[in-house]
1. Write out the chymotrypsin sites (Phe, Trp or Tyr not before Pro) in the range 129-184 meeting two conditions: DSSP loop, and at most 13 other Cβ atoms within 10 Å of their Cβ.
2. First check a/c for the range 247-356, with a ≥ b ≥ c the square roots of the eigenvalues of its C-alpha gyration tensor; if it is under 1.5, answer rounded, and if not, answer prolate when a/b is larger than b/c or oblate otherwise.
3. When you have a sec, figure out the Kirkwood radius of the range 242-293 from all distinct Cα pair distances and drop it here in Å to one decimal?
4. In a GNM of the chain with a 10 Å cut-off on Cα contacts, which of THR194, THR274, THR152 has the highest mean-square fluctuation?
5. Over the range 1-156, what relative contact order in percent results from Cα pairs under 8 Å that are six or more residues apart?
6. ASP135 to ASP92: FRET efficiency via 1/(1 + (r/R0)^6), r the Cβ-Cβ distance, R0 30 Å, to the nearest 0.05?
7. Sort by residue number and report every cysteine in the chain with no other cysteine beta carbon within a distance under 4.7 Å.
8. Between ARG164 and ALA315, with labels modelled 7 Å along Cα→Cβ, what's the label distance in nm to one decimal, could you check?
Amino acid sequence: MRCRSASAGRSESDMLRPEFAAALAKAGEAHTLAREEIVLLLGAEGEEAAALFRAADQVRAAHLGPEVHLRAIIEFSNHCARNCLYCGLRRDNRRIRRYRMTPQEILAAAHRARQGGYRSIVLQSGEDPGFALDDLARVVKRIKETLDVAVTLSLGDRSRDDYRRLRDAGADRYLLKHETADPALFARLRPGTTLESRLERLRWLQELGYQVGAGSIVGLPGQTCETLAADILLLQSIGVEMAGIGPFIPHPDTPLGSSPPGSTDTTLKVLAVTRLLLPHTHLPATTALAVLDPDGRRRALAAGANVVMPDVTPAPYRQHYAIYPGRSRPQGEGEASFARWERELRAIGRQVGTGYGHILRRGSPRGS
Ligand code: 5AD
Ligand code: SF4
């Protein structure tokens, strides 16, 4: 999808259009834009795109510094009760080999990640009612007691009581992507659920004291540039501490298997505008970007991103967490290596964040 009408009719090497330059300046200074102004920025090409990425990089540098937070993801179960049209873990996909790690395996993977240098662990799964909540709460508690790491959960829709119990067990953060801000598209792509109930859950999570992450997929069939602008405005209105923004990658064993993939460029523009409007929010250079473009993570880190989430799920499970093709090891076998990420980040003038990588609130001193 391109967010620019053909009638704009200017070559990519043109200078910035005055209205574009005005919107970019406003975003960089006031961190607020109207929906039409966001659409205008998303239509950046050539010089305008370069200027947008530069502005986002400057806002990132000014508010968050050179630090990139590394969060180790453990994908502990690929069972899912939902049937999202875009996702390889969907219930009706019979071609996937399902697995569920044991609590001991999860703890061992978390220990290894901590030993390797990570100070932040993400436990992710499909919506798996087969993983007992008590077990999960015990795993979280044990990790928090023994490892001195921040714990993020990404387990999809659960009851408020489940969220409360996991928070009581010590979980710090919860990722629950809103996927798309278009309610009709949401309901079509996620049968049996509504955007409204998703947003209600995000409110519960905030009330319970979690640092909350949402985010969206870019390039879903039926999405428009207005919807992408609405995604960004929604993130701003929720006041998220994190936002994961990645391109759509068709999975052959899903109903959307023959739809075209999202565009890396459009995804980077959505990321960059999000950085301009949410200067303090943690924005990962998503795995999906790295899958579509070998240089995708580096490009994202130069367009506003300040987080990388390497997959540390142990073999043989890792390859079966096939949300979309190519996910299991975008950087090859070194993907999980903290030391390798340290080197790679240093090579692009950045450094690994120290501490847990909690959000910095407006007005708080710079630190970790
Ligand atoms: N392409 C890109 N992202 C996807 N997700 C699920 N399926 C796809 C896909 N085909 C993302 C969703 C979900 C997370 C687990 O993975 O945003 O929240
Ligand atoms: Fe399940 Fe999440 Fe995939 Fe939907 S996107 S099928 S809820 S894992």
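The values are calculated or read from the model by the stated rules, or taken from the named source; none is laboratory data. Here the structure is a predicted model, which means the values were calculated and not measured. Positions of Cβ are generated from backbone atoms using ideal geometry, with glycine treated the same way; all protein chains shown enter the neighbour counts. These accessible areas exclude ligands, DNA and RNA; they are computed on the full protein's heavy atoms, side chains included. Shrake-Rupley method; radii C 1.70, N 1.55, O 1.52, S 1.80 Å.
1. Numbers: sites: PHE131, TYR163, TYR174; in loops: PHE131.
Here no chymotrypsin sites (Phe, Trp or Tyr not before Pro) fit, given the DSSP loop and packing criteria.
2. Details: a/c = 2.11, a/b = 1.18, b/c = 1.79.
Judged from the Cα gyration tensor, the range 247-356 comes out oblate (a/c at least 1.5, b/c at or above a/b).
3. Working: mean 1/r = 0.0843 Å⁻¹.
With all distinct Cα pairs of the range 242-293 included, I get 11.9 Å.
4. THR194
5. Working: 172 pairs, mean separation 31.2, N = 156.
Once divided by the residue count of the range 1-156, the mean separation gives 20 percent.
6. On the way: r = 26 Å, r/R0 = 0.88.
That gives a FRET efficiency of 0.70.
7. CYS80
8. Modelled inter-label distance: 4.5 nm.
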